[in-house]
Amino acid sequence: MNLKKSISFLILSVCGLVMVIPFLWMVTTSVKSQLEVNKGNVGFLPIEEFSIYSEGEEEYRMTLIKDEGDSSYVHLFNENMERISSYKKIPNSSIINKRQFKFHFNNFVVAFNKVPFGRYFLNTLFVSISVVIGVLITGSLAAYAFATMKFKGRDFFFYLFISMMMVPQPVYLIPSYVLLNHLGWIDTYNALIIPWIANIFTIFLLRQQFKTIPRDLFDAAEIDGCNRLKILWKIVMPLSKSVIATAAIFGFIGSWNSFMWPLIMTDSPEKRVLQVGLSYFSQEASAQTALLMAASTFSILPLIILFLIAQKQIIASFASSGLKG
Amino acid sequence: MKKRKLDIGPYIYLLPAAIIIIVFRLVPILLSFIVSFFDWTVLGPGKFIALQNYSKMMHDVEFWQSMMNTFWLVIFVVPISLVLSLFFAALLNGIKKLKSFFRSVYFIPTVTSMVAISIVWKIIFNQQTGLANFFLENLGIDPLAWLAESRGIFQLLFANFGIDLPSWLGGPSLALFCIMIVTIWKGLGYNTIIFLAGLQNIPNVYYEAADIDGAGKIKQFFKITWPLISPTTYYVLMMTTIVTFQVFSQIYLMTGPPVGGPLGTTKVIVYFLFEKGFGESNDLSYASAIALVLFAIILSLTMLQKRLEKKVHY
């Protein structure tokens, strides 16, 4: 029995390592110097190999130009890697080869400032939060109507919405572009927010939850003089907190990570969201591996932090999305 | 009896969502049919060309290549992802300690953005400075070209044994295989969670009864677990299929230049329609027609799976 469990742990550990290796390597490469990466130091440790010329107390970084047996011509650099002396002839005995750990945290600063990542972050945050708020408002109103009210065309609208959930994004992407272009919304925040402030899945999710609330509660509230909106706000919403959290999590993650839509609907750097900005950055800096890894790291960091804080809730949310299938 | 006035209240509640969904979903969906029948560029509608876009598609070599690549992707990704995620879910279901830790570890790729992880994987598969060749080197295996390799994986495999497979039997290119790995890796956590939820719903008494009857673990899996999680299996099958048909970001970020390379062996259908619609030719109507064909394929596969699901009813 114990052996079986141990084998389970072993397999899960090895495969779990495989799952996170890309992230580990991303982080360790992000703190290497580009020079080391280009030299072929591919492993997980940010080790630097370099030579130093020591002259009494002073030490200088150097690059070798020509080796003449017992002496060499070198360039010397100060600690900021600025060249301070060229083609200097020095004795080989004063050259020391060094190998040391060096973390280039500076890569993060350089990558962040190379393109306006700050702006991209703010854009993404603004769009994602707007979308989540919109989705929750329109979704709870519509779900409330679907779940608790009788009206003509209710089932028609409900099944119309549900059937549209099946349509894949590429189908409505192109006509949406035509439509938004017609409205003059291409390259505006409107194009990123407005089409997404109602979400069919959220309506479905909330409707399922609202239906579970006993009708007696509504009747009692009505006798107490509550109108519909007050019942929704005072009774239904507080009883549905966890499902609302689920909807908000889905909305936020989906909006934060969406790529193809903003790629097509925006042009100017001012309107770029993080994913689009990162994509352009990866083309501009394609040879600068360390910077790309740094940019990737800080791009996924907010969601990783969110995930680590609320992992139970997030995983439960995703798991619940499958049970209705 | 007083006739009740029409209560407009419910419609007011429905209105905000309905406006958005009708204007930005229903209208575009209907519009996509119309656009596909016209010669429509970014400047606006041109003349009515009926089914010309669809007949053009049938003769478009690039379209068929993209279709083929997409099918390869689905054929590899869906079963492998299904088997692996069920396997991990079964292992997770059997342990108590560290269960939520492992679950989170497997789930991390699901919440991270495809853009960032595509950039990371592209560097992993870099020939000179990538991790993939670093591992091969340490194992004493010759380095591979990965994302730059247009030869098929079967061709490469058989070449090791000195068999020269013709290219039409070569299978998906190694570059497309890299895309498959990333796609499976990204979706594995989600599928595992779904399977785990399915497994936890199976009452333990069945297994206890089977233990008493002396049924072995493997027999128990095929006689109890597999039939009882079949609704979950169908859900995972369907979702993974739908998502894999729409792969875009990994192709856009990891392959090329030009995107879809080498030799068009990683060009998938959604990238193809993106390129037609928003690339140089800017042919929105052709792109729309391609999207509708993709939709028809996904829809018919979904129907087929639904029918199979009904037949295999426990």
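The values are calculated or read from the model by the stated rules, or taken from the named source; none is laboratory data. Please read these numbers as outputs of a predicted model, since none were measured by experiment. Quick reminder, even Gly has a Cβ in these numbers, built from the backbone with ideal geometry, and neighbours come from all protein chains shown.
Given the structure, is A:Ile235 in a helix (DSSP H, G or I), more than 12 Å from every other protein chain (Cβ to nearest Cβ), free of Cβ contacts under 8 Å to residues at least 40 places away in the same chain and more than 18 Å from B:Ile123 (Cβ to Cβ)? Step through it out loud before you land on a result.
Working: in a helix (DSSP H, G or I): yes; more than 12 Å from every other protein chain (Cβ to nearest Cβ): yes; free of Cβ contacts under 8 Å to residues at least 40 places away in the same chain: yes; more than 18 Å from B:Ile123 (Cβ to Cβ): yes.
Considered against the rule, which asks whether it is in a helix (DSSP H, G or I), more than 12 Å from every other protein chain (Cβ to nearest Cβ), free of Cβ contacts under 8 Å to residues at least 40 places away in the same chain and more than 18 Å from B:Ile123 (Cβ to Cβ), A:Ile235 comes out as yes.
Here is a check on your reading of the model: is A:Tyr177 touching a residue at least 12 places away in the same chain (Cβ under 8 Å) and either buried (at least 18 other Cβ atoms within 10 Å of the Cβ) or within 16 Å of A:Ala245 (Cα to Cα) (or both)? Explain how you work it out, then say what you get.
Numbers: touching a residue at least 12 places away in the same chain (Cβ under 8 Å): yes; either buried (at least 18 other Cβ atoms within 10 Å of the Cβ) or within 16 Å of A:Ala245 (Cα to Cα) (or both): yes.
When the stated conditions are applied, A:Tyr177 passes them.
Working carefully through the options A:Leu308, A:Leu301, A:Leu292, find the one that is in contact (Cβ under 8 Å) with a residue 24 or more places away in the chain and either farther than 14 Å from A:Asn113 by Cα or crowded, with 19+ Cβ neighbours inside 10 Å (or both).
Numbers: A:Leu308 fails: in contact (Cβ under 8 Å) with a residue 24 or more places away in the chain; A:Leu301 fails: in contact (Cβ under 8 Å) with a residue 24 or more places away in the chain.
Every option except A:Leu292 fails the conditions.
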Would you check if there is a residue in the stretch B:161-172 being of a type outside the set (Phe, Trp, Tyr), at pLDDT 90 or above and in a helix (DSSP H, G or I)? no
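Taking the condition within 7 Å of chain A (Cβ to nearest Cβ) and not charged (D, E, K, R), does B:Leu91 pass? Before you say what the answer is, go through the steps one by one.
Working: within 7 Å of chain A (Cβ to nearest Cβ): yes; not charged (D, E, K, R): yes.
Yes, satisfied.
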Take residues that are within 12 Å of another protein chain (Cβ to nearest Cβ), out of contact with any strand residue (DSSP E or B) (no Cβ under 6 Å at 6 or more places or on another chain) and under 24 Å from B:Ile29 (Cβ atoms) and tell me which of the helices (runs of 4 or more DSSP H) falling wholly in the stretch B:210-314 contain 3 or more. B:230-245, B:269-278, B:284-311
Can you name the residue in the stretch A:24-48 that is buried (at least 18 other Cβ atoms within 10 Å of the Cβ), within 8 Å of chain B (Cβ to nearest Cβ) and not hydroxyl-bearing (Ser, Thr, Tyr) and is also farthest from A:Val109 (Cα to Cα) among such residues? A:Val42
Residue by residue through the stretch B:150-171, note down the ones that are within 16 Å of B:Gly261 (Cβ to Cβ) and surrounded by fewer than 22 Cβ atoms within 10 Å (Cβ to Cβ). B:Ser150, B:Arg151
Selection within the stretch B:207-240 - hydroxyl-bearing (Ser, Thr, Tyr) and within 19 Å of B:Leu91 (Cβ to Cβ): B:Tyr207, B:Thr225, B:Thr232, B:Thr233
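Listed residues A:Phe252, A:Phe298, A:Phe307; which is at the interface with chain B (Cβ under 7 Å from one of its Cβ atoms) and part of a helix (DSSP H, G or I)?
Numbers: A:Phe252 fails: at the interface with chain B (Cβ under 7 Å from one of its Cβ atoms); A:Phe298 fails: at the interface with chain B (Cβ under 7 Å from one of its Cβ atoms).
Within the list A:Phe252, A:Phe298, A:Phe307, the selection yields A:Phe307.
Conditions tested, residue by residue: (1) under 24 Å from A:Gln313 (Cα atoms); (2) touching a helix residue (DSSP H, G or I) at 6+ places or on another chain (Cβ under 6 Å); (3) more than 7 Å from chain A (Cβ to nearest Cβ).
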site: B:Val105; (1), (2), (3): yes, yes, no
site: B:Val120; (1), (2), (3): no, yes, no
site: B:Leu136; (1), (2), (3): no, no, yes
site: B:Ile163; (1), (2), (3): no, no, yes
site: B:Trp168; (1), (2), (3): no, no, yes
site: B:Asn191; (1), (2), (3): yes, yes, yes
site: B:Phe195; (1), (2), (3): yes, yes, yes
Could you go through the stretch A:298-307 and let me know if any residue there is among the aliphatic types (A, V, I, L, M), in the same structural domain as A:Pro214 (by TED's automatic domain parsing) and over 21 Å from A:Arg207 (Cα atoms). no
Determine which member of the set A:Arg61, A:Arg119 is under 30 Å from A:Thr266 (Cα atoms), surrounded by 14 or more Cβ atoms within 10 Å (Cβ to Cβ) and not aromatic (Phe, Trp, Tyr). A:Arg119
Does the stretch B:98-147 hold any residues that are closer than 18 Å to B:Leu188 by Cβ and among the polar types (S, T, N, Q), and which are they? B:Ser100, B:Ser104, B:Thr110, B:Thr112, B:Ser113, B:Ser118
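For the stretch B:238-291, enumerate the residues that are small (Gly, Ala, Ser) and either out of contact with any Lys or Arg (no Cβ under 6 Å at 6 or more places or on another chain) or modelled with pLDDT of 95 or more (or both). Quick ask: steps written out before the conclusion?
Pass one, the stretch B:238-291, residues small (Gly, Ala, Ser): B:249, B:256, B:260-261, B:264, B:277, B:279, B:281, B:285, B:287-289, B:291.
Selection gives B:Ser249, B:Gly256, B:Gly261, B:Gly264, B:Gly277, B:Gly279, B:Ser281, B:Ser285, B:Ser288, B:Ala289, B:Ala291.
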Identify the residue in the stretch A:1-20 that is loosely packed, with under 14 Cβ neighbours inside 10 Å and hydroxyl-bearing (Ser, Thr, Tyr) and, among all such residues, is nearest to B:Trp121 (Cα to Cα). A:Ser13
If a residue must be polar (S, T, N, Q), under 18 Å from A:Gly134 (Cβ atoms) and more than 8 Å from every other protein chain (Cβ to nearest Cβ), how many such residues does the stretch A:157-202 contain? 4
